[in-house]
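The block underneath contains the structure these notes are about, expressed in structure tokens.
The values are calculated or read from the model by the stated rules, or taken from the named source; none is laboratory data. Just so you know, these numbers come straight off a predicted model, no measurement behind them. So basically every Cβ, Gly included, is an ideal-geometry build from the backbone, and we count neighbours across all protein chains shown.
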Amino acid sequence: MITKVKVKSPANIAFIKYWGQKSKELVLPYHDSFSMNLSDCYSIVELEITDDPKQNEMYVKKYKAKKHEKSSKEAIEKVAKFFSMVKDYLGVKEGKGFIIQSENSFPQKAGIASSASFYSALTLAIVEVFDKNISEAELSALARLSGSGSACRSIPTGFTWWHKGVGENTTELLKSSYAESIADVDYWDLVDVVLILNPDEKKTGSQEGHTGAAGSTFFADRLLGLDNRVQEIREAFDQKDFKRFGKLIEEDTLSMHMVMMTQQPPLYFWSGKTLEIMKKTVELREWGVEAYYTIDAGENVHVICQKKDEEKIITYFKKQPEVQEMIVNYPAAGAHVLEIA
Ligand code: PMV
């Protein structure tokens with residue numbers, strides 16, 4: 001019998017962002033989204049199951065920390081709820097407890113998708129520890145139900161596409177909204193240079209933020225433009241047209257942040273430093289270096305480029321006073337098992 005599983009799963013950077021939920025309960029997006037798994041921003045989650053259903057423990061080793069620390073009661077309760085939901089879905093009847101040890105290779109809650117890497121890893125770990133065999137699409141849909149919808153995009157390999165889902169009833173909607181790989185890691189040599197301007201944890205998490213999105217006066221506008229952008233980015237990706245691709249990812253970033261800043265209460269994730277780096281990225285292009293920014297729910301900036309420009313971009317941003325450190329990422333595999341005991 002399996003009692004312990006160790007899983008590694010990447011964070012992902014969205015090129016078409018998911019913001020706002022059509023159904024909070026089913027964690028359903030309004031539209032498709034698209035991302036790349038990150039090689040150097042990941043979580044490693046070790047899940048041990050115990051026979052005492054009341055024994056729920058979790059320890060997290062944060063980025064650069066020397067040791068694991070016990071998680072708060074609220075964090076453990078949230079994970080316990082998800083653990084029991086996945087267990088029910090898998091048809092596991094016996095009561096079980098868990099001991100989780102998790103670690104991150106990057107700052108958490110700083111707009112670099114730490115909940116996506118953690119929950120995608122945890123979902124796979126739960127399925128493995130109970131020795132169940134489900135499809136990748138089902139696994140991805142389950143990860144979405146953690147609340148961190150974008151976790152579903154960290155399950156398949158490389159570049160992944162999250163379908164918004166269609167259906168007449170809850171079961172259909174639940175299963176049809178999942179992510180699948182549209183290209184493997186070696187399809188395109190894109191690089192995501194994550195510029196850490198501030199590693200601190202943000203005040204408002206994405207899950208709280210999604211709730212207000214539809215109230216923004218820009219939300220309807222964003223949705224109107226999205227079908228077109230989604231189609232265009234797919235074409236640019238298929239043709240490896242980086243200029244067109246880059247223009248679209250910046251457009252989508254700005255469109256999402258307009259919604260964030262105009263929802264109630266407003267979410268201003270950018271700082272002055274963020275804006276400086278955005279301007280500097282545009283300036284780089286004027287000098288002939290092909291670099292484009294994208295920003296998730298945080299202050300830190302992801303600069304996307306092709307491998308041929310990576311060194312120039314790293315050298316340039318190393319000298320900029322706003323940048324505290326950098327994490328350089330290449331396309332990566334999705335969630336996978338490292339050890340089973
Ligand atoms: O999956 P969540 O609830 O952590 O939300 C992710 C939201 C963004 O990172 C801002 C966009 C995205 O698609 O990753």
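Rundown of residues vs (1) within 26 Å of G298 (Cβ to Cβ); (2) outside any loop (DSSP other than H, G, I, E, B); (3) without any contact (Cβ under 8 Å) to a residue 40 or more places away in the chain, yes/no style:
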| site | (1), (2), (3) |
| --- | --- |
| L174 | no, yes, no |
| P199 | yes, no, no |
| H210 | yes, yes, no |
| A220 | yes, yes, yes |
| M258 | yes, yes, no |
| L275 | yes, yes, yes |
| M278 | yes, yes, yes |
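Only one entry in I340, I249 is touching a Phe, Trp or Tyr at 6+ places or on another chain (Cβ under 7 Å) and under 30 Å from V7 (Cβ atoms), namely I249. Can we say E168 is more than 16 Å from the ligand (Cβ to nearest atom), assigned to a helix (DSSP H, G or I) and at pLDDT below 95? Judged against the criteria, E168 is not a match.
Among the residues of region 32-53 satisfying the criterion of being of a type in the set (D, E, K, R), more than 26 Å from D252 (Cα to Cα) and not in a loop (DSSP other than H, G, I, E, B), which is farthest from the ligand (Cβ to nearest atom)?
Ranking the candidates gives E48 first.
What's the total number of residues in region 219-233 that are buried (at least 16 other Cβ atoms within 10 Å of the Cβ) and away from the ligand (no atom under 15 Å from the Cβ)?
Filtering region 219-233 down to residues buried (at least 16 other Cβ atoms within 10 Å of the Cβ) leaves 219, 222, 226, 229-230, 232-233.
Those left that are additionally away from the ligand (no atom under 15 Å from the Cβ): 232.
Qualifying residue count for the region: 1.
Quick one: would you say L338 is touching a helix residue (DSSP H, G or I) at 6+ places or on another chain (Cβ under 6 Å) and in contact (Cβ under 8 Å) with a residue 60 or more places away in the chain? For L338, the condition - touching a helix residue (DSSP H, G or I) at 6+ places or on another chain (Cβ under 6 Å) and in contact (Cβ under 8 Å) with a residue 60 or more places away in the chain - is not met. Consider region 145-161 and keep the residues that are more than 8 Å from the ligand (Cβ to nearest atom) and either among the hydrophobic types (A, V, I, L, M, F, W, C) or assigned to a helix (DSSP H, G or I) (or both). The one that is nearest to A11 (Cα to Cα) is S154.
Tell me yes or no: at least one residue of region 177-192 is over 28 Å from Q306 (Cβ atoms) and within 16 Å of the ligand (Cβ to nearest atom). Checked region 177-192: at least one residue is over 28 Å from Q306 (Cβ atoms) and within 16 Å of the ligand (Cβ to nearest atom). Of all residues in region 236-280, those satisfying the criterion of being closer than 23 Å to E322 by Cα and among the hydroxyl-bearing types (S, T, Y) are T253, Y268, S271, T274.
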